[in-house]
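The values are calculated or read from the model by the stated rules, or taken from the named source; none is laboratory data. Model, not experiment: these values are computed from the prediction. Virtual Cβ from ideal backbone geometry, glycine too; neighbours counted across all protein chains shown. The accessibility values were calculated without ligands, DNA or RNA, using every heavy atom of the protein model including side chains. Shrake-Rupley method; radii C 1.70, N 1.55, O 1.52, S 1.80 Å.
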Amino acid sequence: MKPEYEAKISSYLDNKMNDQERQAFEEACQKDTALKEALKLELKARMAIQVYARKERQTFYEKTALFDQVEKKSQSVFLGKPFKMAASVLVICAIGYIVYQYAQPVSPQKTFEKQFRLYVVPTERGQLSDSINPVDSLWYAASLFYQKQEWERSERLLLHLKGQEGFMFNDVSQLMLANIALEQDQPKKALEILLQMERNNLTLGFDISWYLGLTYLKLEDKASAIEVLTPLIKKSKVYGQRAKDIIDQL
Amino acid sequence: MSSPSQKLGSSDSEIIEGLLAGGPPFEKYALVLYRMCENYIHEAVKKHPLLEAADIHDAYIDAVDAVIKKVLSNQFKKEVAKLSTLLYQIFSNKCIDQLRRVTNHKHEWQRNLNTITEDLPVKSQDFLQSMMEQDDMNDILSVMEKLAHGCKELIMDFDYWGFKPEEVAERKGYKTGKSASQAKYRCMEELRKLIKDEQVTKSAKK
């Protein structure tokens with residue numbers, strides 16, 4: 001647009017001309033096509049601005065009004081009842097945690113950890129409360145160490161229990177000691193325990209035979225191993241197949 | 001009975017100060033003004049059954065912006081009238097304009113033309129009206145959308161709100177008012193070019 005047109009047009013549209021000037025300008029527009037087109041273009045530009053502005057303002061008012069509503073609502077929740085809100089959140093969290101805990105499958109590891117916390121640690125520290133029977137706790141601890149294959153700790157507790165009053169040092173405990181000896185690569189010690197058990201004619205006959213067989217194998221006494229394992233093939237459902245496999249290999 | 005502005009907790013003085021402050025306070029108090037008399041829309045909807053609610057809403061927005069422009073150009077004297085009174089007067093006139101447009105089956109663009117030429121004498125308004133009637137205005141009015149965001153804001157500040165170059169420079173971070181004016185000039189040239197291109201495309205299609 002020509003600068004001289006621009007100044008005139010602005011002056012006309014912004015109502016800065018007097019009546020005479022305005023009339024002269026309108027007459028000039030009729031004669032000068034370029035001026036007329038420039039005026040039209042400026043009007044269209046201003047109308048485009050007007051349309052855009054209205055749309056923008058409408059969006060602004062509507063959005064801000066909506067935001068205000070949401071903010072007001074959230075304020076009434078968070079500021080109006082802060083304690084109620086905090087309490088609700090805590091309760092929901094607590095319920096969620098409890099549900100989560102119970103929904104979790106109890107793994108052997110978790111069980112062990114729990115029992116370890118309850119019994120083993122206090123036993124080893126000598127901090128066991130009076131309400132817990134120390135013999136039971138020690139037995140628990142020995143069993144747990146045994147499960148964890150912590151042979152030395154389990155054996156120490158079992159031997160400690162052996163002399164304790166109120167504890168029945170039964171066949172299970174002895175068998176555990178025998179197996180611990182085997183695991184620690186002390187077959188002679190294991191043999192001694194197992195033969196003692198056999199002599200006492202304890203109830204765990206098949207178990208004793210099985211561990212005796214394994215002990216003889218460790219001692220490379222194949223004949224004795226076959227001798228004690230053979231009866232298991234027919235008589236024991238638990239050890240039968242495994243005994244047969246060993247004998248077949250021998 | 002309390003006035004709407006009292007209900008909102010903002011006096012006319014506060015609104016005027018906020019609008020003149022620019023930036024976020026401007027937006028805040030523009031909204032306060034808008035909401036202060038929103039009930040006028042509901043009244044007008046009942047009063048003018050020939051008008052659609054959207055037209056009345058547009059008229060209200062135009063009226064609010066007209067009041068804001070008067071405040072920004074220091075034409076509003078709070079000692080003489082209340083903002084709500086001025087808004088009501090302008091809004092009523094806008095509704096009547098809308099009613100005339102609807103009853104005379106005028107186009108949407110004619111309303112926009114009326115808005116930008118309302119300060120001119122009636123004779124000049126008629127002159128411009130007859131001049132523009134020969135042109136197809138469809139689609140041309142939406143060309144602003146094609147401008148860069150910065151350009152749109154600059155044009156709005158200068159041509160819609162009527163801020164002075166120094167004020168725009170301060171609002172938009174230009175070093176001087178002159179550099180803001182130069183930037184706006186380039187934007188206006190771009191807008192005119194877009195309008196021309198649009199016209200060429202339309203005539204080529206015909």
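Residues are listed down the side, and each one gets a yes or a no for (1) open to solvent by 40 Å² or more (accessible area, probe 1.4 Å); (2) touching a helix residue (DSSP H, G or I) at 6+ places or on another chain (Cβ under 9 Å); (3) not in a helix (DSSP H, G or I):
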{"position": "A:Q174", "(1), (2), (3)": "no, yes, no"}
{"position": "A:L191", "(1), (2), (3)": "no, yes, no"}
{"position": "A:E220", "(1), (2), (3)": "yes, no, yes"}
{"position": "A:P231", "(1), (2), (3)": "yes, yes, no"}
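If I go through the range A:7-24 residue by residue, how many of them are surrounded by fewer than 19 Cβ atoms within 10 Å (Cβ to Cβ) and among the hydrophobic types (A, V, I, L, M, F, W, C)?
Of the residues in the range A:7-24, 3 are surrounded by fewer than 19 Cβ atoms within 10 Å (Cβ to Cβ) and among the hydrophobic types (A, V, I, L, M, F, W, C).
Examine the range B:124-140 for a residue that is within 17 Å of the chain's Cα centre (by Cα) and open to solvent by less than 40 Å² (accessible area, probe 1.4 Å), and state whether such a residue exists.
no
Can you name the residue in the range B:56-104 that is acidic (D, E) and within 14 Å of chain A (Cβ to nearest Cβ) and is also surrounded by the fewest Cβ atoms within 10 Å (Cβ to Cβ) among such residues?
Selected residue: B:D97.
Run B:G23 past the list (1) open to solvent by less than 20 Å² (accessible area, probe 1.4 Å); (2) in contact (Cβ under 8 Å) with a residue 60 or more places away in the chain and report the number of the one that doesn't hold.
Against the list (1) open to solvent by less than 20 Å² (accessible area, probe 1.4 Å); (2) in contact (Cβ under 8 Å) with a residue 60 or more places away in the chain, B:G23 comes up short only on (1).
Taking the range B:41-54, which residues are within 18 Å of the chain's Cα centre (by Cα) and either of a type in the set (S, T, N, Q) or surrounded by 14 or more Cβ atoms within 10 Å (Cβ to Cβ) (or both)?
The one that is within 18 Å of the chain's Cα centre (by Cα) and either of a type in the set (S, T, N, Q) or surrounded by 14 or more Cβ atoms within 10 Å (Cβ to Cβ) (or both): B:I41.
If you scan the range A:40-59, which residues turn out to be open to solvent by 20 Å² or more (accessible area, probe 1.4 Å) and more than 7 Å from chain B (Cβ to nearest Cβ)?
Those that are open to solvent by 20 Å² or more (accessible area, probe 1.4 Å) and more than 7 Å from chain B (Cβ to nearest Cβ): A:K55, A:E56, A:T59.
Could we say that B:D119 is outside any helix (DSSP H, G or I), over 23 Å from B:A66 (Cα atoms) and facing chain A (nearest Cβ under 10 Å) here?
no
State yes or no: is B:V64 within 16 Å of the chain's Cα centre (by Cα) and not assigned by TED's automatic domain parsing to the domain that holds B:F158?
Spelling it out, B:V64 is indeed within 16 Å of the chain's Cα centre (by Cα) and not assigned by TED's automatic domain parsing to the domain that holds B:F158.
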